[in-house]
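Notes follow once the structure below has been shown.
The values are calculated or read from the model by the stated rules, or taken from the named source; none is laboratory data. A quick note: this is a predicted structure, and the numbers were derived from the prediction, not measured. Note: ideal-geometry Cβ built from the backbone for every residue, glycine included; neighbour counts use all protein chains shown.
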Amino acid sequence: MKIFLVSLFASALMLLIGEVHGDPLTYKVAGGKVSIVHCDKKASGELVIPSSYAEKPVTSIERNAFNSCSRLTAVRIPDSVTRIGDRAFRYCSQLTSVTIGNSVTSIEGWTFDYCGNLTSVILPESVTSIGKKAFAHCSGLTSVILPENVTRIGDLAFYDCTELMSVTIPDNVTSIGSRAFEYCGLKSVVIGDSVTSIGWNAFVYCSRLESITFRGNAAKHFEQRFSTASDLVKVFINRGATGFSTTFGKFPVIIQEKINTFSKFAAPFSLNFESKPGSTYLIESSHDLKKWGVIGEVQGNGSSVEFTDWREALFQRQYYRLKLLE
């Protein structure tokens, strides 16, 4: 009997503070909460991270947990997760899409670094900061929607995202880190009205850049952050904005009436469809029917559901399609 009691106690203790190996995940249980510390490198396809383990909530993904899981193609992170550690998905070379739950507040440094096949990312409104090199070297990234609550974009955050064609910096962002968008394929940039600091070379070597739109005023040395862009770039500002002259560096400045602070479609596109209960639908968008990016996710309820695309219009034509996750 004594041996049995000791064995039982040891097992309970492991569940409280130890690491437990699942398939393909390794969990750490401590203080009534669960974190994911490792994923088997053989894991492949789509991975749905559970919201609970051993009747306890999964609240964090630890540093390097999925590093170099090169066979994963999609990851869905539940709302129970509040923290994703740095380098968590680094070198996941086949990862094409990530859906992040509504409780994560920060995308830490190097989180998706070198995820070269990642085409789109949906960040929840809970995210307030994007760390250093969070999405660096994501050469396939074509679309990223930055939540309105983001206040800081770190150094090199989107470095070398060569297919990222447009970005809108939300109005709550106050600082953009050095080299944040260096070597990106940006054609247009919209900068919110709260930005007071743009780091050195933040938009350097964006050779495709055609337009820069400022919703607010220009701070000192802003023009140097775009110094290597094409001579064909036009700068658009609000009437009454300060810190500008007739040119912005070498670029002509065009004054217009106040820009829509929400940067939305004049006539937003809405999609209605009959859904299956318990199903998840991804809404994808493309302007050329070749490259598609995820712009939203809808949960089916067994009846008609609606999705509205409020993004800024960047092309004359835009196409949409639904993808049902089995």
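Here is a check on your reading of the model: is SER270 of a type in the set (S, T, N, Q), modelled with pLDDT of 80 or more and either farther than 29 Å from ILE237 by Cα or part of a strand (DSSP E or B) (or both)? Here the answer is no, as SER270 does not meet what is asked. Determine if the stretch 49-58 includes at least one residue that is among the β-branched types (Val, Ile, Thr) and out of contact with any Ser or Thr (no Cβ under 8 Å at 6 or more places or on another chain). Yes, the stretch 49-58 has at least one match. Scanning the stretch 82-97 for residues that are within 22 Å of PRO57 (Cα to Cα), surrounded by fewer than 22 Cβ atoms within 10 Å (Cβ to Cβ) and of a type in the set (Val, Ile, Thr) gives a single hit, THR82. Of everything in the stretch 31-66 that is of a type in the set (S, T, N, Q) and surrounded by fewer than 17 Cβ atoms within 10 Å (Cβ to Cβ), the residue that is nearest to VAL104 (Cα to Cα) is SER51.
Considered as a group, the residues in the stretch 188-201 that are assigned to a loop (DSSP other than H, G, I, E, B) and among the small types (Gly, Ala, Ser) include one that is surrounded by the most Cβ atoms within 10 Å (Cβ to Cβ), and that residue is GLY192.
The requirement of being farther than 30 Å from GLY185 by Cα and of a type in the set (A, V, I, L, M) is fulfilled nowhere in the stretch 101-121; no residue meets it.
State the number of residues belonging to the stretch 189-199 that are among the hydrophobic types (A, V, I, L, M, F, W, C) and either over 18 Å from THR151 (Cα atoms) or in contact (Cβ under 8 Å) with a residue 40 or more places away in the chain (or both). So that I can check it myself, show each step before the final result.
Taking the stretch 189-199 and keeping what is among the hydrophobic types (A, V, I, L, M, F, W, C), we get 189-191, 195, 198.
Those still in the list that are either over 18 Å from THR151 (Cα atoms) or in contact (Cβ under 8 Å) with a residue 40 or more places away in the chain (or both) too: 190.
Count: 1.
For the stretch 150-162, state whether one or more residues are modelled with pLDDT of 95 or more, in contact with a Ser or Thr (Cβ under 9 Å, 6 or more places away or on another chain), charged (D, E, K, R) and surrounded by fewer than 19 Cβ atoms within 10 Å (Cβ to Cβ). Yes; the residues of the stretch 150-162 include at least one that is modelled with pLDDT of 95 or more, in contact with a Ser or Thr (Cβ under 9 Å, 6 or more places away or on another chain), charged (D, E, K, R) and surrounded by fewer than 19 Cβ atoms within 10 Å (Cβ to Cβ).
Look through PHE222, PHE226, PHE265, PHE214 and report the one residue that is surrounded by 13 or more Cβ atoms within 10 Å (Cβ to Cβ) and modelled with pLDDT of 80 or more.
PHE214
If you go through the stretch 198-215 and keep only what is among the charged types (D, E, K, R) and more than 18 Å from GLU163 (Cβ to Cβ), you end up with just ARG215. Looking at this structure, is ASP113 under 30 Å from CYS206 (Cα atoms) and either free of Cβ contacts under 8 Å to residues at least 40 places away in the same chain or surrounded by fewer than 21 Cβ atoms within 10 Å (Cβ to Cβ) (or both)? Yes, satisfied. Only residues that are within 16 Å of ASN172 (Cα to Cα) and at pLDDT 95 or above were counted across the stretch 107-125, and they come to 0.
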